[in-house]
Structure formats: structure tokens, C-alpha cells
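See structure below.
Each reported figure results from applying straightforward, stated rules to the coordinates on display, with no laboratory input. All figures in this text were calculated on a predicted structure; none of them were measured in a lab. Here Cβ is always computed from backbone atoms with ideal geometry, including for glycine, and neighbour counts include all displayed protein chains.
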Amino acid sequence: MIELTDIVKTFQAGAKQVDALRNVSLTIEDGEIFGIIGFSGAGKSTLVRCINLLGRPTSGSVKIDGTDLMTLSSKELREERKKIGMIFQHFNLMPSRTVFGNVAFPLKGSGLSGEEIQKKVRKLLSLVDLSDKENAYPSELSGGQKQRVAIARSLANDPKILLSDEATSALDPQTTSSILQLLKKLNRELGITIVVITHEMEVIKEICNRVAVMEDGAVVELGDVFDVFADPKHSLTKNFIRTTSNLSKIEQMVADGVPGVTPEKGEVLAKLSYRQKDVSEPLISTTAKEFSLDINIILADVEIVGGAPIGGTVVILHGDSARIDEAVKYLRNKNVGVEVIKDARNPY
Amino acid sequence: MQGILTDIFPNLMSKWPDFIKSIHDTFIMVIWAGGVGFVFGLSFGIILTVTKPGGVLENRPLFQFLDKITNLFRSIPFIILLTAVMPLTRVIMGTAIGVPGAIVPLVLGSVPFFTRQVQSALAQTDEGLIEAAESMGCSPWEIITRVYLRESIGPLARATTITAISLLGLTAMAGAVGAGGLGDFAIRYGHDRNMQDITWATVIVLVVAVSIVQITGDTIAKKNTH
Ligand SMILES: Nc1ncnc2c1ncn2[C@@H]1O[C@H](COP(=O)(O)OP(=O)(O)OP(=O)(O)O)[C@@H](O)[C@H]1O
Ligand SMILES: [Mg+2]
């Protein structure tokens, strides 16, 4: 378990003082994949570097499985760091060493014999699917392959925790996805706790159990990924989610006057978002029957987040004005988020 | 063969033992001053790299001190250094003249230059590698040996080549303290007595020496660049 308590980090940049972290407290449980998202400069890297004390907090405490890292001697801290793997945006592989040499790098001084090291490195390389690249140099690998080598290297000392600082930010979407799947597999098979830093909501959505949203050195929202997606509280979180959902395009489409999305006189254009983990009821058809409305689905986007479907539809409601109001109330009672985008019932 | 050489290099052939000795003296000076200078320059370059602000063993006073000293010695022209350090030379070597007398000024003249060369070679190491090594629990000493030095073999080989060649040039001036060597040989006979063939022979030897150093350095650098 990682316990960060009241972490403050202040940088002195010349005469100016930068408060990179303002009193951040977080607890990350064993075996979870914890995401930290925020825009550039939010303090994500600074925070994650506090976990292995690559950057010492100005104040606060960092505990891993109850051990307060801040009180350790530098030698003890180095031993502790061996149990915390870390991967980076730019991979940081040693260019003068082969793939084998890079993965074996952290094993020096581990007490393993040459033969054992060889066995271990081969095992790690097969785990990341790179057995055939043992003798290649990093310059001969693609970005995705480099990150796999870096992952293998970070696992060399069997860490309990893996820190990933924008590990997929330099990769294309397909490679990103394969690296994320690999991380998920490591979490599942090795039970390793993973802390993922990213500025892409896609990444959070794909692998994280919980997420912290950071802004200006503080955590502004924290929770289960599903809950945060289903019902974002902070405007920044809403912004991030908007970037991943197709439904948010509707506003632009309405603004652009795309035909088919503009409600006729007497109609209402609304976005329905499902917030419950079980959307089994045929809500739309029930509502249509119940209130004698025509409900025309013009956009739908439902996907699996945190193991449950999430998303919603954009619909045009056509029918009696009062009945439309009742329908909206009914849906809200059913815990469906209803956002009226354009109401064309009342004369302007 | 002997005849042809005597025709082309008449004076050189008559001074042959002197010529061999001067090559030998130059060689001794380069090896000794170079060897000692390499150890000092490399150490200072490493110390400057790790004690700089943000370095793995950040130490402002030490960094500032070494940085200033390096600048100071770099700004003294070698010919002045040669005579200025004579008292020091006498203390260290027991004499201030001849080949032993030249070693101290040669070291002092080349170390600051090599220090800067090492510093800039090590500065090419990606900061990310240092960060990765730290995250893997490497000690500062491991970072120096396994990251900085190991990852900079190519640039260090180039730095050494440049310094060795410039050292070869400095030894020519060491003749001023009676150190002998090729430079002294060329001036004494080639210039003072207008024995052109001796000047040319010296140049040929130096060109060959420089080429050997350069090719060796390039080969090492190339072998270690991936
Ligand atoms: N060594 C430093 N010296 C001074 N200021 C720093 C230093 N490192 C970070 N900062 C400042 O701290 C703040 C947080 O930086 P940090 O790198 O943690 O952001 P981030 O969320 O990781 O951003 P990015 O997505 O760009 O990586 C920024 O304002 C940054 O300028
Ligand atoms: Mg960052």
C-alpha cells in the first residue's frame, strides 16, 4: 500500500517559487491500477517522483507498506527503490547496451550468478514478448519495443509497484493499446500495483480501477473510474471525459447546424447518460410507450469502463409538451442523466 | 636504401642518434604527461559533472572551486606556464629542466583542457538515463561508472584523441626548458642551422603520430556508438 500524506513540493525557480504540489494525500491499495490524470504542469510527475523519492517532498510523508521512506538512509532508500519499478515517456534505455544488457542492468549486485541472470532476463523478455530481440541495440527497436524492454527492465528485481510516467505518450494509438494490455496482464498475473500517469482519458478508461484528477498541484477529483466517468463532479474531469466521448460531438454538430440533429418546432434534443452499472431495462422504448412520445436516437455511444457499460445516447423527443417534461422527470428518477441540449417547444 | 636516404636527408642521417632520442623524449613526455593528465582530467571532469547544480552529488562550493581553477589554468598561455611553475616542478620532480622538468607543466597545461573535454563528453549523457538509474536504486558511484562513463566511451575517446594531439603540440614548446623532443630537434637543427630535411623529417614523424592517435580514437569511438 502506498500512503502519501500532506505532500507539499515547492520549487525555487530563481526568485519565483513554484508550488508544484499543494497538500496532496492519496492512498493506493495493493494490486490496483491507479491512474493520475491532469494537464501539463499539473504536478503529476512531481507527485509520482515522490513515491520513490526521486524528488523529495518539501513536507509530508511517503509510506510504502508502512515504511516511511523519508526516514530511510540513502542506502536503505536505494534498496527500497529496487522494489519500485519505473518506466518513462522516453524509455530511457542505455544506448550502449543491448536489450539483454539493459534488462540485466538492475540485476548487478543482486547476488544472482551469471547463469541465473541469463535465465531471468530471458524470462522477462518472453513476458514482454521480445525474446527474439535479445541482442539488438535500443536504436534498432521501435518505440513500442523500447517500452517493452523498459518494462522488462523495471521488473527485473520483482518489484511490488510499477510507476509509469506517461509511458504511452510517445506511442501511436495501436502501440499504446498493446502496451496498456501488457500492463494489465502484469497486474493480473504478477499482482503488481501500477500507478499510471497520463494526460489521456483513454488510458485511464482502458486499464485503471481508480483515478485521481489533478489540477495545479492538487487532486480535484478521486474515485472509481466508473463512477468518475458516469458522474464527473469537477469541470476539469468533465473536460477530460468530453475528449473521449463521441456524444460530446453533438454540441458542435448542433452549433454547426448539421442536418438531422436540429430539433423541429415542438421537439427537444437531449443527451441521456447512463449512470448505473446495470442498464438492462429497455428505458427508451418504455419511456416512449409510457408517455406516447416518439424518441428518435440520433447518436449513441456506449462502452465498457471499469468492467461496466457506460455512455449514453442523444435523442430527439417528439410529442406533447407536458408529456415530454414528465418523461424527463421519469428518466431522471431512473438515474439517467438528462441534459437538454436544445428545446424547440417554446416559441422564441 | 641507405644511399637514397642519405641523398634525401643528408643532415638527418648524420644526426640519426639525436633524431631517435628526440622521438623517444617526445614519446616519454606524451606518455607520462598524458597518463597523469588523463587520470586528473577524467577525475575533475567527473567531479564537475556530478557536483554541478542538479547533479547526483550536487556540491556547490566544490563545483565552483574546481570550475574557477580550471578556467584560471586554461587562460594561462603554455609558454608562460612552463616557466611560472618551475619552483613547483623542482619540488615535485627534483629538477626543473630536461624531460622530467617538462612533465609538470605539460600536465598543468593539458589537464584543464582535458577536464573541459571530459565535462562536455559526459554532458551528452541523457538526463533520463541518470533518472532511470536512480529509480533502479543505483548509487552515485554506480551512476558514474555504469552510466556516465560506460555510456560516454565514444565521446571520451574523441576527447582523449583531441587532448593527446594537442599535448603532442605542447611538447614541442617544452624544448624551452631543455626538455628535448622533436620540437626542440627541429628548431635546433632545422631552423637554427637551416637544415631543411630535418624539419621535414620531424613533420613526417608528427603527422604519422597524429594519424595513429586519431585513427585509434576514431576506431574506439565508432566501436562504442550504437
Ligand atoms: N525541477 C524543477 N524546478 C522548477 N520547477 C519545476 C521543476 N520540476 C517541475 N517544476 C514545476 O512544477 C510544476 C509541475 O510539474 P510536473 O512536471 O510535475 O507536471 P506534469 O503534470 O508532470 O506535467 P507534464 O504533463 O507536462 O509532464 C510545473 O509548474 C513545473 O514547471
Ligand atoms: Mg510529467
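A few remarks follow.
- Of all the options B:Ile162, B:Ile20, B:Ile187, the one that moves most in a Gaussian network model of chain B with Cα springs shorter than 10 angstrom is B:Ile20.
- Distance between segment B:178-216 and segment B:39-112 - C-alpha centres, whole angstrom: 27 Å
- Computed over chain A, relative contact order equals 17 percent, with contacts defined as Cα pairs under 8 Å that lie 6+ residues apart.
- Residue-averaged [θ]222 nm for chain A, counting only DSSP H segments that reach four residues, each worth -39500 (n - 2.57): -10000 deg cm²/dmol
- Over chain B, dividing the summed -39,500 (n - 2.57) contributions of all DSSP H runs of at least 4 residues by the number of residues returns a 222 nm mean residue ellipticity of -24000 deg cm²/dmol.
- Rounded if a/c under 1.5, otherwise prolate or oblate - segment A:243-348, Cα gyration tensor axes: oblate
- Counting Cβ atoms of other protein chains within 10 Å of each residue's Cβ and taking the mean over peptide A:45-52 gives 1.
- Computed from label points 7 Å out along Cα-Cβ, the spacing between B:Glu58 and A:Val220 is 3.0 nm.
- Size of segment B:16-107 from its Cα atoms: along the principal axes, largest to smallest, the extents are 56, 23, 22 Å.
- Highest GNM mean-square fluctuation among B:Ser75, B:Ser120, B:Ser135, for chain B modelled with Cα contacts below 10 Å: B:Ser135.
- Size of segment A:212-286 as Cα extents on the principal axes (Å, biggest first): 47, 33, 18
- If R0 is 45 Å, the Cβ-Cβ spacing of A:Val254 and B:Ile215 corresponds to a FRET efficiency of close to 0.05.
- Where labels lie 7 Å past Cα in the beta-carbon direction, separation of A:Glu115 and B:Lys223 in nm: 3.0 nm
- Paramagnetic label reach from B:Val39 (point 7 Å along Cα→Cβ; backbone nitrogen cut-off under 16 Å): within segment B:62-96, residues B:92-93.
- Build a GNM of chain A with springs between Cα atoms under 10 Å apart, and of A:Gly109, A:Gly217, A:Gly266 the one that fluctuates most is A:Gly109.
- Most to least packed among B:94-105, A:301-312 [average Cβ atoms within 10 Å]: B:94-105, A:301-312
- Long-range tail of P(r) for segment B:120-215 (Cα pairs > 24 Å, %): 47 percent
- Taken along the Cα-to-beta-carbon direction at a fixed 7 Å, the label points for A:Asn333 and B:Arg193 span 12.1 nm.
- Where N is the number of residues in the protein assembly as shown, Cα Rg divided by 2.2 N^0.38 Å: 1.43
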